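Novice: One structure, as structure tokens, below. Some questions next.
Only the coordinates and a few stated rules stand behind these numbers; no lab work does. Values in this document were obtained by computation on a predicted structure and should not be read as measured data. Using ideal geometry, Cβ is built from the backbone for each residue, glycine included, and neighbour counts are taken over all protein chains shown.
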Amino acid sequence: MPLVRIDLARGKTEHYRHTIGEVIYDAMVATLNVPANDRFQIIAEHADNDFIIDRTYLGIERTDDVIVIQVTLNAGRTVELKRAFYKAVADGLHERLEIRREDVFISLIEVVKENWSFGNGEAQYA
């Protein structure tokens, strides 16, 4: 069960935000072996002074349209799968919304399965 947080600058349309979620979910299913219907996403917009992103870290030129994607997921995927996911998200956002690949920032947080509760106060994967 990946939990996806999507952070972006305030002022984007509902269609724009929804499409970002679709692209990320499709990429997870295609590259990270996430099962169908396993979609949990939180999208948050931020004012300029609450969304501080370095414009040139690692020589990558970022704009005001940068998107920060944080995915919490079960540990165990290979570096190759992760790279495929990063590329699928950046390419998908570029193709569907014309978002610059340089403006797609992704962070994966890996946890062990017993760190999830899907409801009822239970650890379903433990």
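Novice: Quick one: work out the % antiparallel among DSSP beta bridges in region 1-121, nearest 5. Before the final figure, lay out each step's value.
Specialist: Numbers: 6 of 21 bridges.
Just about 30 percent of them are antiparallel.
Novice: Taking the structure as given and computing Rg/Rh (Cα atoms, Kirkwood Rh), which label from [x] 0.96; [y] 0.98; [z] 1.03 fits?
Specialist: Read-out taken from this structure: [y].
Novice: Right, here's the next one. Going by C-beta contacts inside 10 Å, put 122, 102 in order with the fewest on the left.
Specialist: Values: 122 10, 102 15.
Going from least to most buried by this count: 122, 102.
Novice: For residue 115 and residue 44, what is the calculated FRET efficiency with R₀ set at 25 Å and r taken between the beta-carbons, to the nearest 0.05? Walk me through the numbers before you get to the answer.
Specialist: Values: r = 22 Å, r/R0 = 0.89.
The value I calculate is 0.65.
Novice: Here's another thing I want to ask about it. If you average the C-alpha positions of region 74-109 and of region 1-52 separately, how far apart do those two centres end up, in angstrom?
Specialist: 11 Å
Novice: Excluding residues on the same chain fewer than 8 positions from residue 82, give the aspartates and glutamates whose Cα lies under 13 Å from its Cα.
Specialist: List returned: 110.
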